[in-house]
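Novice: Encoded as structure tokens, here's the structure I'll be asking about.
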Amino acid sequence: MEVIQPFTLAPWEARLQVILNSQGEEEENKIKELAKAGWAVRIATSSSARNDLVGMGVAIRIPISVARAGKINEAFSVTLGTREEHNPYTAELAAIAHGLNYLPEMKYRVIVIATSNKSAAQAIGNPRQQSGQGHIREIYDAIEKLRGDGNRVNLIWLPRDSELKIQKTAKMSARYATEPYMTPRRGMIKAKTTILNRTRADLRMERKLPDGVGRHSRRVDSALPGKHTRLLYDQLSWKEASVLAQLRTGMARLNGYLYQIRAAPTDECPCGRAKETVEHFLFRCVKWTTQRKEMFQSINEKRGNLSFHLGGKAASDGQEWKPDMDAVRATIRFAIATGRLERR
């Protein structure tokens, strides 16, 4: 988890002047022309938060005069982690830092960074004691190096309805990073404010529940204890109920839990990409991509939301909430099809 310092930059360090698209139509056209300039080195960034994942996307355009091998068009994406640990604001900052560090060595050039996240742009222009400091420091270090070679760096904020083609490319990359089957990259700095907010919400839920209810169960279903659990299990066969109970309690025949009770040599998933938790098993393990397609085809909304898939109430659900049994049955069918939760 990140450590938030009293200040990001020393008082004497120069701040980057951010150009905001809110100064009238004439100024807006000038900003767009600068962002579209073919002679400039252009970086567009975007972030995405869906399927319980947060990711970033970057698109880079380098003119022929800078790239010896010809004009360079690059686009890449990174899956940062889950919504419990990251948010779109810090993802946007990470994308800008990655984009700047990706640039080749150049001198006396104009570099334009285009973002549609106003909060991230303002945080870079006026850094405070806030989440994302590490990324902001990385951005300023990269800018200082570029300026040392005679380059000029401009950061432009354009609202979503003014997005340029390069920004749309970055957005597509960011959305790719949050597809349900993507695995978060290890070692990414986790946003402190996001984790604290989630922890506070979890504590509020814990105080409403008996001690016998586990941490995983609390996260899956904020309505525990409740009469809806009878509705869940009474409609299922013994085998289906056994599978659902494993997934809802976290005490499943998956390496993450088996290693915890010393019944497995490692907590790593057989795919080798991450710890084998219930979330990883249901949504991200590449070994079960084929089986997962049927599950997602049966679900039109909230794909990748653990509570929704397991018949639990999420913190964002309203008073009229009730379990979606179609989603629960589709999730159970997926788990049974993999054979992963059977005795081994």
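Novice: So His280 clears everything in (1) at pLDDT 90 or above; (2) out of contact with any Phe, Trp or Tyr (no Cβ under 9 Å at 6 or more places or on another chain); (3) farther than 20 Å from Arg50 by Cβ except one condition, right? Which one?
Specialist: Condition not satisfied by His280: (3).
Novice: Go through the residues of segment 315-326 one by one and say whether even a single one is within 22 Å of Thr183 (Cα to Cα) and within 21 Å of the chain's Cα centre (by Cα).
Specialist: There is no residue in segment 315-326 that is within 22 Å of Thr183 (Cα to Cα) and within 21 Å of the chain's Cα centre (by Cα).
Novice: Give the residue that is farthest from Leu93 (Cα to Cα), with candidates limited to residues of segment 22-52 that are at pLDDT below 75 and crowded, with 17+ Cβ neighbours inside 10 Å.
Specialist: Filtering segment 22-52 for residues at pLDDT below 75 gives 22-32, 34-38.
After this cut, where a residue has to be crowded, with 17+ Cβ neighbours inside 10 Å as well, the list is 31, 35.
Details: Ile31: 21, Ala35: 19 Å.
Across segment 22-52, the extreme among qualifying residues is Ile31.
Novice: Of the numbered conditions (1) modelled with pLDDT under 90; (2) out of contact with any strand residue (DSSP E or B) (no Cβ under 7 Å at 6 or more places or on another chain); (3) assigned by TED's automatic domain parsing to the domain that holds Thr82, Lys168 fails exactly one; give the number of that condition.
Specialist: (1)
Novice: Considering only residues that are β-branched (Val, Ile, Thr) and part of a helix (DSSP H, G or I), look in segment 53-106 and name the one that is modelled with the lowest pLDDT.
Specialist: Thr90
Novice: Then there is this: Quick one: would you say Glu279 is within 17 Å of Ser307 (Cβ to Cβ) and either outside the structural domain of Ala330 (by TED's automatic domain parsing) or part of a helix (DSSP H, G or I) (or both)? Spell out the reasoning first.
Specialist: Details: within 17 Å of Ser307 (Cβ to Cβ): yes; either outside the structural domain of Ala330 (by TED's automatic domain parsing) or part of a helix (DSSP H, G or I) (or both): yes.
Answer is yes for this residue.
Novice: A follow-up question, please. Any idea how many residues of segment 243-269 are in a helix (DSSP H, G or I) and touching a residue at least 40 places away in the same chain (Cβ under 8 Å)? Steps first, please.
Specialist: So in segment 243-269, the residues in a helix (DSSP H, G or I) come out as 243-249, 255-260.
Then keep just the ones that are touching a residue at least 40 places away in the same chain (Cβ under 8 Å); that gives 243-244, 246-248.
Selection size over segment 243-269: 5.
Novice: Hey, does segment 137-153 have a residue that's under 30 Å from Thr277 (Cα atoms) and at pLDDT 85 or above?
Specialist: no
Novice: Can you name the residue in segment 304-338 that is among the charged types (D, E, K, R) and either at pLDDT below 80 or surrounded by 15 or more Cβ atoms within 10 Å (Cβ to Cβ) (or both) and is also farthest from Leu53 (Cα to Cα) among such residues?
Specialist: Checked segment 304-338; the qualifying residue farthest from Leu53 (Cα to Cα) is Glu320.
The values are calculated or read from the model by the stated rules, or taken from the named source; none is laboratory data. This structure is a prediction, so every number in the text was calculated from the model and none was measured. Cβ coordinates were reconstructed from backbone atoms using ideal geometry, including for glycine residues, and neighbour counts include every protein chain displayed.
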